[in-house]
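Below: the structure, in structure tokens.
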Amino acid sequence: MDRCVVLVDAGYLLGAAASLLAGEPARSRITVDHAALIQGLRERAEADTEQPLLRIYWFDGAPDRVPQPEHRRLRVMPRVTVRLGALTRSDGRWAQKGVDAAMHAELTELARNRACSDVVLVTGDGDLLPGLMSAKEHGVAVHLWAVQAADGDYNQSEDLVAEADERRVLDRIWITRAVRAKDTGGLCAPTPVPRPEIAAILSAPLPEAALAASAERASEAQAAAARNGTAAPSGEVAVPDRTPHHKGVPTPKDLAGLRAPGSQATPSPAQPAAPNATLRWSSDKGWVERGGPVGEPAETASLPTLAQLTSAEQRWADREEDITTVGGDPFEVGQVFARRWMERLPETAHLQKLSTMYPRIPHRIDGELLRYAARFGLLAHKDDQIDEHDRYAIRAGFWREIDVRAAAEHVPAAE
């Protein structure tokens, strides 16, 4: 059959690109425009083979084989098929399992069934050598593509290079059309506008228990420094750093670390607390200042959840949108959830009430938001740890969408 197929080892392609652009193979150091990357692969394959494209197979690893946001974006693109192997952690490093075997099986099956005349392999793993040789025996022309190596290092099996019919190197210029090094100075999502009540909460004095614990840690640190010969000069006292190391919308965990449940922290005279600067936790397990009877706080009991606002027909449409158009980026997930909630509100008074609660999301809605995010694999990690970075971004996206709508409808924010 006169057509070409592209088999991509994503671990090799993106890892080598990260080494080239960011100096290390960690894929977290780069951002990828997947649409541009797929289009570039298609155009280059059709030009090199002089055959129309049948399909691009994207082989990658994922924890428990759960599709990650990038896989969700890729698998709905035309002419793209995603095949996932397992991603396991050993000795502090992530490793793919089953990806090479899947590529080998796909390569030999395509060749045996004469599904294509040309195969493009984007990989460097010598384990694919038997599959490459088998494809050649079935009359398939094999094109091997490499990524330009960082610092002149060789990043492909020499046996693969020797056995391939054609070889091409994807250089830095080609790679940077779709991949760039990530700016590690902050979150990729835009930082929401600061609110004065958050500054008041964060500037409130620590409770006595927390101060005592901080002083104990500072004493231990000074003792350790003295043993190592790096003690602070006489008269200087180590001051514990009480500033939360977060960016974007503070999470309940950040705020709870500043005040103990039930404590009455007194604002400093220089910066008095705002009237509404009361710590609340948006989780069922956390402390919530309850102004009404036992159960749901009075001010949030009237706020409907998205499930209550959604009809059966809308649930189907939402699921269709999730599968086909929502990429699954944490910030995007928060925006989508907030947009659906606002569009289905029966009255704008609910939006006004929610806007005054920033940054606390009522715990029923917050739990629903995180469960929605879990559909995209954002909270499902191999070690069962919830990624705090994702939580920041999810809530930041939620509040950014709320702020945009509130501004458009002139809903006053909390004073």
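The values are calculated or read from the model by the stated rules, or taken from the named source; none is laboratory data. These numbers were taken from a predicted model, which means no experiment stands behind them. Ideal geometry is used to build each Cβ from the backbone, glycine not excepted, and the neighbour counts take in all protein chains shown.
Things worth noting here:
- Hits in the range 127-177 - residues which are among the acidic types (Asp, Glu) and closer than 25 Å to Leu110 by Cβ: Asp127, Glu137, Glu158, Asp159, Glu163, Asp165, Glu166
- Scanning the range 107-147 for residues that are on the phi > 0 side of the Ramachandran plot and in contact with a Ser or Thr (Cβ under 9 Å, 6 or more places away or on another chain) yields a single hit, Gly139.
- Any hit, the range 112-119, residues being surrounded by 22 or more Cβ atoms within 10 Å (Cβ to Cβ) and out of contact with any Cys (no Cβ under 8 Å at 6 or more places or on another chain): no
- Pick from the range 40-68, criterion among the polar types (S, T, N, Q) and under 22 Å from Leu110 (Cβ atoms), ranking: surrounded by the fewest Cβ atoms within 10 Å (Cβ to Cβ): Gln51
- Inspection of the range 141-148 identifies no residue that is farther than 24 Å from Ala22 by Cβ, in contact with a His (Cβ under 7 Å, 6 or more places away or on another chain), among the hydrophobic types (A, V, I, L, M, F, W, C) and in a strand (DSSP E or B).
- Residues of the range 1-42 that are of a type in the set (Asp, Glu) and more than 29 Å from the chain's Cα centre (by Cα): Asp2 alone.
- Unmet requirement for Thr81, which otherwise passes all of (1) modelled with pLDDT under 95; (2) surrounded by fewer than 19 Cβ atoms within 10 Å (Cβ to Cβ); (3) in contact with a Phe, Trp or Tyr (Cβ under 8 Å, 6 or more places away or on another chain): (1)
- Candidates Ala86, Ala35 - the one that is more than 15 Å from Leu7 (Cα to Cα), touching a Lys or Arg at 6+ places or on another chain (Cβ under 9 Å), part of a helix (DSSP H, G or I) and not assigned by TED's automatic domain parsing to the domain that holds Ile323: Ala35
- Being surrounded by fewer than 20 Cβ atoms within 10 Å (Cβ to Cβ), in contact (Cβ under 8 Å) with a residue 60 or more places away in the chain and either charged (D, E, K, R) or not assigned by TED's automatic domain parsing to the domain that holds Leu303 (or both) is a property that Arg339 has.
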